[in-house]
Amino acid sequence: MDFLDFSCFHLVLIFSLHGVVYSSDGDFAEMKARCRAKNKNDIEYLEETYFNNKKFIVYNTTKGIWTGYTPHGTQLASQFNAEPLSHATKTAAKDILCVANVEALYSFLQNFTYKPLVKLRSVESRGTKNSAMLVCSAYDFYPKTIIITWLKNGQVMTSNLTSTEELANGDWSHQIHSHLEYTPTPGERITCMVEHISLTEPQLYDWDPSMTNSEKNRIVTGASGMLLGLVFATAGLIFYRKKCTGLVQVPINDMGDSTDEMD
């Protein structure tokens, strides 16, 4: 397998056969037979021939024609396109090399994938006072190719976005962080959409603006202050009660009587 990637929100698999033929005078021809699958039902077979590292002629089952890239290659392409047997041969090659192996390849890859752990949070924005910054982070996924897309009310957002490259965690897993700076509008829905080979369908994570991180921090701070105040109030009450319990009350009348007797 030469390549594993996402394209246009679909998985693209490419695996190929590769052969090189050398001549006695130093020239060489190179042939690559490739399968590309966006899904199990959308499979393409390509057969590419190069001469001395220059693309010479290509057959594509999606287009159903040969295409030449040099004068001689263009001449051969015209001849091959006029032969029905040439097309039938390439269709058979697609069935044998591609269609028969895609199902097994998908099953094999599924055994070596790990789903991303996604967290959506708000951070302090460096823009205007009215702007906000959201971060959509995906952790511990494999393989590393992943797509993070921001949606506003279901529509793809394309501006004010920044993303890190897929970062290796030091083991087989990866992480990535995508930032969105936007101006909040009442009633809007901001969504982080994550696509990965380990997921059977895109996962959607809606941002809940009802409580931002700063608001949560203020609530925690306020609760901590209330708790601290309650502790001090309780301690003061206990101290006061103990102090009151330790006082000795002296009857005033008895003291007066005692004075008279002494006189």
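The values are calculated or read from the model by the stated rules, or taken from the named source; none is laboratory data. Quantities reported herein were computed from a predicted structural model and do not represent experimental measurements. Note: ideal-geometry Cβ built from the backbone for every residue, glycine included; neighbour counts use all protein chains shown.
Filtering the range 122-134 down to residues that are modelled with pLDDT under 85 and among the polar types (S, T, N, Q), which residue is nearest to ILE146 (Cα to Cα)?
SER125
For THR70, which of the numbered conditions (1) buried (at least 18 other Cβ atoms within 10 Å of the Cβ); (2) at pLDDT 90 or above fails to hold?
Only one criterion is unmet by THR70, namely (1).
Does PRO209 meet the test of being modelled with pLDDT under 80 and farther than 30 Å from SER107 by Cα?
Yes: the conditions hold for PRO209.
Please pick out the residue among LYS144, LYS119 that is at pLDDT below 90 and among the basic types (Lys, Arg).
LYS144
Here are some residues: GLY225, GLY154. Which one is at pLDDT below 85 and more than 22 Å from VAL123 (Cβ to Cβ)?
On inspection, the qualifying residue turns out to be GLY225.
Within the range 77-122, take every residue that is of a type in the set (Lys, Arg) and touching a Leu at 6+ places or on another chain (Cβ under 8 Å) and give me the one that is surrounded by the most Cβ atoms within 10 Å (Cβ to Cβ).
LYS115
Just the residues that are surrounded by fewer than 19 Cβ atoms within 10 Å (Cβ to Cβ) and either in a strand (DSSP E or B) or not assigned by TED's automatic domain parsing to the domain that holds THR89 (or both), please, taken from the range 31-47.
We begin by selecting, within the range 31-47, every residue surrounded by fewer than 19 Cβ atoms within 10 Å (Cβ to Cβ); these are 31-32, 38-42, 44.
MET31, LYS32, LYS38, ASN39, ASP42, GLU44, listed by residue number.
I'd like the full set of residues that are free of Cβ contacts under 8 Å to residues at least 24 places away in the same chain, under 19 Å from ASN130 (Cα atoms) and among the hydrophobic types (A, V, I, L, M, F, W, C), limited to the range 153-209.
LEU161
Can you report the number of residues in the range 32-58 which are without any contact (Cβ under 8 Å) to a residue 24 or more places away in the chain, out of contact with any Phe, Trp or Tyr (no Cβ under 8 Å at 6 or more places or on another chain) and among the hydrophobic types (A, V, I, L, M, F, W, C)?
Number satisfying all stated conditions: 0.
Using the structure shown, decide if GLN155 is out of contact with any strand residue (DSSP E or B) (no Cβ under 8 Å at 6 or more places or on another chain) and within 16 Å of MET193 (Cα to Cα).
yes
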